[in-house]
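Please read the structure below before turning to the comments.
Any read-out appearing in this document is the output of simple, stated calculations on the displayed coordinates, not a laboratory observation. It should be emphasised that the depicted structure is a prediction, and the values quoted were computed from it without experimental measurement. When we count neighbours, we look across all protein chains shown, and the Cβ atoms used for this are built from the backbone with ideal geometry, even at glycine.
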Amino acid sequence: MDLYIDTANLDEIKQAADMGVLDGVTTNPSLIAKEKYDYVKRLTEICAIVKGPVSAEVISTEYAGMMEEGRKHAKIAPNIVVKLPSTIDGLRACKTFSDEGIKTNLTLCFQPLQALMVAKAGAFLVSPFIGRLDDVAEDGMDLIRKIRAIYDNYGYKTKILAASVRHPKHMVECALAGADVATVPFSVIKQMMGHPLTDVGLKKFLEDYKKAFGG
Ligand code: E4P
């Protein structure tokens, strides 16, 4: 399973990359707005650190604007993936980019047929938003399971990127459901490598050792 970080914050990206298990980065307009920083400059900085896929989202809602923005983003670095909304215009742009060999991430996917359509259009990634579905009393994980079944039925190569991940339990369930990738806030990445019994056990080992040998 690939692990991406869901942030436009450079410090978080550096810290996650230093852990040695970071495969890519996703950004979105809200995340870059939080940074109050130029988007193109930040994407350039991110691509200098992470060699795996880096998603750069368009803000246009119409096909022509998406194509213009996406083409500019794609020139930033070879690992840029153009992030498009799961709308009819996004689908058209996805098809054109795919035909041109430019990778795409179709975001804001909330139902299985959006995932089917974008796979047909050659999307590299599809991003089902599990946390936001849970927020409105739906079942985000059920969407992941349905997309997995559809893609496996027909052999679609589009990767399922679980997005809007809120906590470690989402991660366990995504891994069990066969999501190809999960994009995760830095806080959750840190939680993935922790357990209170690890901390207690480590403390006890060191205390026992010191008691016996000093130091
Ligand atoms: C995915 O690419 C999005 O950036 C992200 O996962 C959205 O998550 P949120 O629902 O926590 O904003």
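So how much slack lies between residue 48 and residue 88, counting 0.36 nm per residue of separation and subtracting their Cα-Cα distance, in nm?
Working: separation 40, 0.36 × 40 = 14.40 nm, distance 3.29 nm.
Extra length available between residue 48 and residue 88 comes to 11.1 nm.
Compute the long axis of helix 168-177 from its Cα atoms, compare it with the longest principal axis of the Cα atoms of the chain, and write down the angle in degrees, 0 to 90, nearest 10.
Roughly 60 degrees between the two axes.
Quick one: grab Rg to one decimal and Dmax as a whole number for the range 54-163, Cα atoms only, in Å.
Final numbers for Rg and Dmax: 13.4, 40 Å.
Give the angle, between 0 and 90 degrees and rounded to the nearest 10, that separates the Cα long axis of helix 39-49 from the longest principal axis of the Cα atoms of the chain.
50
Can you list residues from other chains, or at least 5 along the same chain, whose modelled amide H is less than 5 Å from the amide H of residue 83?
56, 57, 58, 105
Along the Cα→Cβ direction, 7 angstrom out, place labels at residue 152 and residue 59. What is the inter-label distance in nm?
4.1
Local charge sum around residue 121 (other residues, Cβ-Cβ under 13 Å, Lys/Arg +1, Asp/Glu -1)?
Working: positive: 92, 95, 103, 120, 157; negative: 89, 99, 100.
Net charge in that neighbourhood comes out at +2.
Which chymotrypsin sites (Phe, Trp or Tyr not before Pro) in the range 19-65 sit in a loop by DSSP (not H, G, I, E or B) and have at most 15 other Cβ atoms within 10 Å of their own Cβ? Spell out each step's value before the answer.
Numbers: sites: 37, 39, 63; in loops: 37.
Those that pass, being in a loop and sparsely packed, are 37.
Fewest to most neighbouring Cβ within 10 Å: what's the order for 190, 203, 146? Mind dumping the intermediate values first?
Values: 190 15, 203 10, 146 18.
Taking fewest neighbouring Cβ atoms as first place, the list is 203, 190, 146.
Relative to the first principal axis of the alpha-carbon coordinates of the chain, what is the inclination of helix 88-99, with its axis defined by its Cα atoms, in degrees from 0 to 90 and to the nearest 10?
Orientation of helix 88-99: about 80 degrees from the principal axis.
Measure out, as a whole number of angstrom, how far apart the alpha-carbon centroids of the range 96-112 and the range 53-71 sit.
Between the Cα centre of the range 96-112 and that of the range 53-71, the gap is 11 Å.
DSSP loop (so not H, G, I, E, B), at most 14 other Cβ within 10 Å: list which GluC sites (Glu not before Pro) in the range 62-101 pass both filters. If you can, show how the numbers build up before the last one.
Values: sites: 62, 68, 69, 100; in loops: 62, 100.
Within the range 62-101, the qualifying GluC sites (Glu not before Pro) (loop, at most 14 other Cβ atoms within 10 Å) are 62, 100.
Obtain the nm distance between the two label points defined at residue 136 and residue 193 by a simple spin-label model: each point lies 7 Å from its Cα along the Cα-to-C-beta direction.
3.6
Suppose R0 equals 45 Å. What FRET efficiency, 1/(1 + (r/R0)^6) with r the Cβ-Cβ distance, do residue 210 and residue 79 give to the nearest 0.05? Please list the in-between numbers first.
Numbers: r = 47 Å, r/R0 = 1.04.
Efficiency, from the Cβ-Cβ distance: 0.45.
Output needed: percent of Cα pairs per 10 Å distance bin for the chain, bins running from 0 to the one holding the longest distance.
Per 10 Å bin, starting at 0, the Cα pair percentages come out as 8, 32, 33, 15, 6, 4, 1, 0.
Quick check: convex hull over the Cα atoms of the range 104-215, volume per residue in Å³, rounded to an integer?
Details: hull volume 14.3 nm³, N = 112.
Dividing the Cα hull volume of the range 104-215 by its residue count gives 128 Å³.
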